[in-house]
Amino acid sequence: MTSPFIPPVQDRKPHLYTAILSPDNKVRILVDGEEKKTADLLSETDFREAINPPKEVDDPEDIKPADWVDAPKMVDPEAVKPDNWDNDAPVRISDPKAVKPAAWEDDEPLQVPDATASAPADWDEEEDGEWEPPMVPNPKCKAAGCGEWKPPVIPNPAYKGTWKAPEIDNPGYKGPWKARQIANPNYYYDDEPHNVAPIGGIGIELWTMQDGILFDNILIATDPAVAAAAAAQTFDLRLAAAKEAERLANKDNGVLGALRSRAQEAIDLAQANTLPVLVAVLVGLVSFGLLCCRSKPARGSRREQAEAEAEPAPSRSSKAGGNAEAEEKAEEEEEMAEEEVDEDEGEGEGEEEEGDEEEEEEEGDDDDEEEEEGDEEEEGEVEPTKRVASRRTR
């Protein structure tokens, strides 16, 4: 093939390679049962050399003329090297502006014996030889430097490289030469290349720099189901044994190996149960989206809640039982309204209006008069104050 699939031999795991030739002259390349490459046997571009030869070929007797110019560019014959162009100029030169520091020590060595070092107590000159202190950097060189001074090197501003004449368009250019075409004497056309002759042997061409690659259990069949059954009896068992050996090896490598083994088991389980895993992941994502993105009920302002809770109490009834119920409801509304008032603002600012008018006393009982509390509206706008329900006892 012009762009063949590269097998995954670097992982050093067993793999199953399958090539299927179909009656429609299509070829499919599978690795471990997964399709990796397809091609057409009748195509002129899917393979480096087409199965069917071309109808026309180059005429072997046609020779390119000696005066044929196939170079689109040529060196300008009129170009001349400039006089100030120096082909021998170095790339880098010594900095002419550099000056040797005044504290530079020309006669001092870069390293001197360590004056603070002493011979070990167990040093024996007769057995170990004369003791020599270790060498340390010369402290006199810290100020500027020691030894022979050399100016630093900088890029040469006059460097231009080797001069080359520029190229111009070739006036004699005729284009690439190609031999004339003649009918192919060996031309034929096979419209059923999938129908191969009886196979007597198999050859494997392998280009690799990696050792340890082995082939076995090679099968040729006319039915893909036969090949799949043979793979289940051989390759699947070998793959399972290889995974188990890898799992045990990772398990013996401590915590990291155990985590790697568990991860590999999860991957194998997902590959063996692709559809259930996809459904579970999809359900989880949908559930997460519904929990995170669902709309929350709108929360009203504290003022609106207070207004909704502090509804006007019913008017005074002539019956004692009705008055008691109205009094309890008014007390509850008063407590709920007082909770809405901030502690820093105290009791709050508001104006109280008496909601009910005084009625004549009936049955000789003094009843409590309930009042409604409301905010005054100025020019159609409501004051942003808090309502405070209160109760008077007459």
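How much area per residue is accessible in region 140-251 when the probe is 1.4 Å and only protein heavy atoms are counted (Å²)?
In whole numbers, region 140-251 has 80 Å² accessible per residue.
Between Lys55 and Leu214, what's the calculated FRET efficiency when r is the beta-carbon distance and R0 is 45 Å? Round to 0.05.
FRET efficiency, Lys55 to Leu214: 0.55.
List the trypsin sites (Lys or Arg not before Pro) in region 37-80 that DSSP assigns to loop (not H, G, I, E or B) and whose Cβ has at most 14 other Cβ atoms within 10 Å. Which are they?
Within region 37-80, the qualifying trypsin sites (Lys or Arg not before Pro) (loop, at most 14 other Cβ atoms within 10 Å) are Arg48, Lys55.
Simple spin-label model, 7 Å along Cα-to-Cβ: Val153 to Leu291 in nm?
6.8 nm
Along the charge dipole of region 1-155, Cβ charges K/R +1 and D/E -1, which of Val75, Ser22, Gly33 sits furthest on the positive end?
Ser22
Order Glu78, Glu105, most accessible first, counting only protein heavy atoms with a 1.4 angstrom probe.
From most accessible down to least: Glu78, Glu105.
Work out how much length Trp131 to Asn170 would gain on full extension: take 0.36 nm times their residue separation and subtract the Cα-Cα distance, in nm to one decimal. Don't skip to the end; give the middle numbers.
Numbers: separation 39, 0.36 × 39 = 14.04 nm, distance 7.86 nm.
Result for the pair: 6.2 nm of gain on full extension.
In nm, what is the difference between 0.36 nm times the number of residues separating Ala270 and Val283 and their Cα-Cα distance?
My answer for the length gained is 3.1 nm.
Quick one: dipole size for region 78-197, taken about the Cα centre, charges +1 on Lys/Arg Cβ and -1 on Asp/Glu Cβ, in debye to the nearest 20.
Working: 12 positive and 24 negative charges, 382 e Å.
Dipole magnitude for region 78-197 comes out near 1840 debye.
Using modelled amide H (1.01 Å from N, peptide plane; none on Pro or chain starts), what sits under 5 Å from the amide H of Glu167, excluding residues fewer than 5 places away?
Asp76
Assuming a ≥ b ≥ c are the square roots of the Cα gyration tensor eigenvalues, decide whether region 1-139 counts as rounded (a/c under 1.5), prolate (otherwise, with a/b larger than b/c) or oblate. Before the final figure, lay out each step's value.
Numbers: a/c = 4.92, a/b = 1.67, b/c = 2.94.
Cα axes put region 1-139 in the oblate bin.
Taking region 155-202, which chymotrypsin sites (Phe, Trp or Tyr not before Pro) meet the DSSP loop condition and have no more than 11 other C-beta atoms within 10 Å?
Counting only loop positions with at most 11 other Cβ atoms within 10 Å, the chymotrypsin sites (Phe, Trp or Tyr not before Pro) in region 155-202 are Tyr188, Tyr189.
Gain in length, Val226 to Asp24, computed as 0.36 nm per residue apart minus the alpha-carbon separation, to one decimal in nm?
Computed gain between Val226 and Asp24 is 70.7 nm.
Taking all protein chains as present, what is the carbon and sulfur share of the accessible area of region 159-251, in % to the nearest whole number, probe 1.4 Å?
Carbon and sulfur atoms account for 56 percent of the accessible area of region 159-251.
Which chymotrypsin sites (Phe, Trp or Tyr not before Pro) from region 1-110 combine a DSSP loop assignment with at most 16 other Cβ atoms within 10 Å?
Phe5, Phe47, Trp68, Trp85, Trp104
At 1.4 Å probe size, with every protein chain present, just tell me what the per residue accessible area of region 13-61 comes to in Å².
For region 13-61, the solvent-accessible area averages 68 Å² per residue.
The values are calculated or read from the model by the stated rules, or taken from the named source; none is laboratory data. These numbers come from a predicted model, not from an experiment. We place every Cβ from the backbone using ideal geometry, glycine too, and count neighbours over all the protein chains shown. Areas reflect the complete protein model, heavy atoms only, side chains present, ligands, DNA and RNA absent. Shrake-Rupley method; radii C 1.70, N 1.55, O 1.52, S 1.80 Å.
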